[in-house]
Amino acid sequence: MRCDAQTLTQHAIALLQAVGMPEDKAHVVAHVLVEGDLLGHWTHGLRLLPAYLEHIQAGGMTLEGDPEVISERGVVALWDGRCLPGHWLTFKAIEWASERAKLQGMAAVCIKRTHHIAALAPYARHVAQNGQVLLMMTSAPLGGSVAPFGGTEALFSPSPLGFGYGDGHQPVMVDVSTSSTTNNKIIQYSRDGKLLEHPWLQDDQGRATNDPTVMQRKGTVLPVGGKDSGHKGYGLALTVEALTAGLSGHGRDDPSLPWMGTLFLQIIEPDFFAGREVFAQKMAWVSDRVHANRPIDPQQPVRLPGERGLAQMKQQLASGVELADSTVDALKAWGDKLGHPFYPQPGHASAT
């Protein structure tokens, strides 16, 4: 089903406010979730909203106040997110780091005890459009589902890594997990009775499989690279762990709550190096060569990371956001429950 993006955003804001979230925080959370769907990250879009609402009503998310500043020294900060909405915390950290990067060349924020932050691509797009470079990564202390390369026991979370920059033409957005797939995708495929596209999982004996239900029988997710070159994903997972859990002082050996995460975020200002204009020129040259690269399949030209998402965003803003029937049904159910009936509108051009 396709629904108008603006209608979806306003409905999400209304539901979040109905369970007590202040308007400014609800506004950010709703926009990030809708943008996740617009960019094609359907596992990290509005599909998450019902779970957020349940967690809020169970008292699992802090709604009021600001993060606790543990330390701020020059261009480096450590915050305790207090389980506040992760989307709002992330943009607050981006604002803090962006202003200092303009003055000092780069700045970094580490936040422990954030709530879930959804897809990383919306943050990368925002920073890239403003001419700066973003590096971010997050881990979930209770989200252990990924085995280290060569092992069979869950240890790491999918621990995504995000990177964003502008090439003078459009934002380039890298949003990848250090695991072969995400927990949300596994859960959804298991619910739908579907097999995963590739053998991204393994059973408790280390045999690769594409059956998502293996996770209910002590199965684990393989790191990026799978059985052949999973040492690469394993190395990336350790990198994320060091920059999130290590730098924040809150890791898998500390008490945590469901949906709680740790975030590392760094913003770089190209003007302190060769300059924004030169940066864009160099990256535009690379982008042009990417597009000119002879594809394996002529019907599928080589793309830049995030390029398909940007095309989907443009198309869905015009024709409506494509949502699974189960997501629409959940939004309707929560609307009825909270006194905000949901009447999906067909898509038309509207901005979020």
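For the reader, a short list of remarks on this structure follows.
- Qualifying residue in the range 132-149 (condition: at positive phi and modelled with pLDDT of 95 or more): no
- Count - residues of the range 73-97 that are small (Gly, Ala, Ser) and without any contact (Cβ under 8 Å) to a residue 40 or more places away in the chain: 2
- Just one of the listed residues (Ser248, Ser326, Ser256) is closer than 27 Å to Leu89 by Cβ, hydroxyl-bearing (Ser, Thr, Tyr), under 23 Å from the mean Cα position of the chain (by Cα) and at pLDDT below 95, and it is Ser256.
- Of the residues making up the range 190-215, those that are outside any strand (DSSP E or B) and under 18 Å from Leu155 (Cβ atoms) are Trp200, Asp203, Asp204, Gln205, Gly206, Val214, Met215.
- Residues of the range 282-310 that turn out to be surrounded by 14 or more Cβ atoms within 10 Å (Cβ to Cβ) and either of a type in the set (Gly, Ala, Ser) or touching a residue at least 60 places away in the same chain (Cβ under 8 Å) (or both), as a count: 9
- If you go through the range 57-115 and keep only what is assigned to a strand (DSSP E or B) and either more than 21 Å from the chain's Cα centre (by Cα) or of a type in the set (S, T, N, Q) (or both), you end up with Glu68, Val69, Ile70, Ser71, Glu72, Arg73, Val76, Ala77, Met106, Thr114.
- Residue in the range 187-204 that is among the β-branched types (Val, Ile, Thr), within 21 Å of Gly36 (Cβ to Cβ) and modelled with pLDDT under 95 present: yes
- Listed conditions (1) surrounded by fewer than 24 Cβ atoms within 10 Å (Cβ to Cβ); (2) hydrophobic (A, V, I, L, M, F, W, C); (3) more than 20 Å from Val224 (Cβ to Cβ) are all met by Leu134, apart from (1).
- Summed over the range 28-54, residues that are part of a helix (DSSP H, G or I) and either in contact with a Lys or Arg (Cβ under 6 Å, 6 or more places away or on another chain) or small (Gly, Ala, Ser) (or both) total 4.
- Single residue of the range 139-165 satisfying the filter (assigned to a strand (DSSP E or B) and over 14 Å from Glu241 (Cβ atoms)) that is nearest to the chain's Cα centre (by Cα): Gly162
- Per-region count, the range 118-131, residues surrounded by fewer than 20 Cβ atoms within 10 Å (Cβ to Cβ) and either among the charged types (D, E, K, R) or modelled with pLDDT under 95 (or both): 0
The values are calculated or read from the model by the stated rules, or taken from the named source; none is laboratory data. Predicted, not measured: the structure shown is a model, and the values here were computed from it. Cβ sites come from the backbone with ideal geometry, for glycine too, and all protein chains shown count toward neighbours.
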